[in-house]
1. Give the Cα extents of segment 137-213 along the principal axes, in whole Å, largest first.
2. Could you work out the local net charge near Met34, counting Lys and Arg as +1, Asp and Glu as -1, over the other residues with Cβ closer than 12 Å to its Cβ?
3. Under 15 Å from the Cβ of Asp372, count the other residues' Cβ atoms, weight Lys and Arg +1, Asp and Glu -1, and hand me the total.
4. Evaluate 2.2 N^0.38 Å with N set to the residue count of segment 289-341, then give the Cα radius of gyration divided by it.
5. In whole angstrom, note down how far apart the Cα centers of segment 73-144 and segment 38-54 are.
6. I'd like to compare 77-90, 45-58: which one has the highest average count of other Cβ atoms within 10 Å, and what's the full order after that?
7. Can you give the Kirkwood hydrodynamic radius of segment 50-125 from its Cα pairs, in Å with one decimal?
8. For Ala358, what charge total do you get from the other residues with a beta carbon under 15 Å from its beta carbon, if Lys and Arg give +1 and Asp and Glu give -1?
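The values are calculated or read from the model by the stated rules, or taken from the named source; none is laboratory data. From a predicted model like this one, the values you see are computed outputs, not experimental measurements. Methodologically, a virtual Cβ is constructed for each residue, glycine included, from the backbone with ideal geometry; neighbour enumeration extends over all protein chains shown. Note: areas computed on protein heavy atoms with side chains; ligands, DNA, RNA excluded. Shrake-Rupley method; radii C 1.70, N 1.55, O 1.52, S 1.80 Å.
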Amino acid sequence: MTFSPRTALLAAALLAAVLSSAPAYGVPPETATMRARVEFSDMDQWAEFMAIPGVDIMLSKRGVGATIITNEKEVDELRARGFEVIVEVPDLRSYYRSTMPRADFGEFHTFSEMVAFLDQLHAAYPNITTVKDSIGATEEGRAFWVMKISDNPDVDESEPEVFFDGMHHAREPMAMECILHYMEWLCENYGTDPEATFLVDNREIWFWPIVNPDGYVYNESIGWGTMWRKNRRVNSGSSCLGVDDNRNYDWAWGTTGISTDPCNDVYCGPEAFSELETQAYRDFATAHDFVLNVSFHSVAGSVLIPWSHDSNAFCPDRPLFLDIANEMAKYNGYDVGTAYETINYECSGTTCDWFYGALGCLSLCIEVGGSDFWPQESELPGLRAENLWPQQYVTRIAGSYLAVRDNYALNGGDADGEPDAGETLDLEVTVDNQGIAVPATSATLT
């Protein structure tokens, strides 16, 4: 998760004297050779660090420390500014070669293996899956593959539609792995497991495992240890390639947590929806009537809710989002909240903000946990398993979405949709085995 948060007033004052000579932070993915931890002595130092644009932060804890992807030059620059930097992995490529020696990404699916997975799933379960469907193509000509799982997959029925997507960022393969695991679970358990059977029979469930194929295939060409994040767009007037697809959606686009530098990992593109990936996503989403969307990322171990673009603003359906997100995190213990509340940054032009803000679809982001963007193979079963329940849960509650929203409007919130402190909301966000909404415990806002 690379980010560039809005500059705090304190940090601005601290940095004003050195701006003219400050180095440009943020290392190109090809030169990201180290993993290091920055320790903060106090909140002032944390604020100063968070105001530095371009540092590639994998994990962070407010006022305590941050794990960064970096190189020797940037480590020296940070130390020169007074930060304590502890190099945890001095040579990422050697580290990955030693822990994951297979050149084909081992247990992680490559792009071609993901495509084959979809074909094999349909061949094995043709009655509940569609043939993989291309909804567009990348700059390098790779198809955007989606698939639907439902009891009448080739018929557009009047059933709630749910959408799971992954790998807007090319170095986050666990996003794809969690989605493929859920697809396989649904198919293998249909007809024998009551939950899987109910979900397939009563929902239209769509999957897009790899939103950014070009970036992922580029990582495959380099091998273990690569940190390429963006797509592979050719940027006019720059030798640097790529746009961050998850900063390119038309909701508060280009405002916070972005860069206008094509060489930066959070480059938002020349305009909103400039990218083939986000254009395909927009057209696909607007062609459907999705009730719930979950967008997978890694590696923070969090369930994120809107808004991501403004740390001072809460979305109108915040109580409902929190209730859903807390249930999603029930078994994996993930943190819950906005991006700023959980992983300490703002980001604009994101999938979930756009999906919720523009289309009114409840959209959440799961940041899969793990030790790294490329976790060890031994972590895969646990990471897949701990993200199975959240997908099952949101698929199920999609059937009670209208009851949820109607109940929210009746029992909490003013005409503008903003709940007041002290109001009690009776949030219907669970259903019984027959799909009938059951009131959850009332929640009082503070």
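1. 40, 25, 16
2. -2
3. Net charge around Asp372: -3.
4. Segment 289-341 yields a ratio of 1.12.
5. 29
6. Going from most to least packed, we get 45-58, 77-90.
7. Across segment 50-125, the inverse of the average 1/r is 16.0 Å.
8. Here the count lands on -4.
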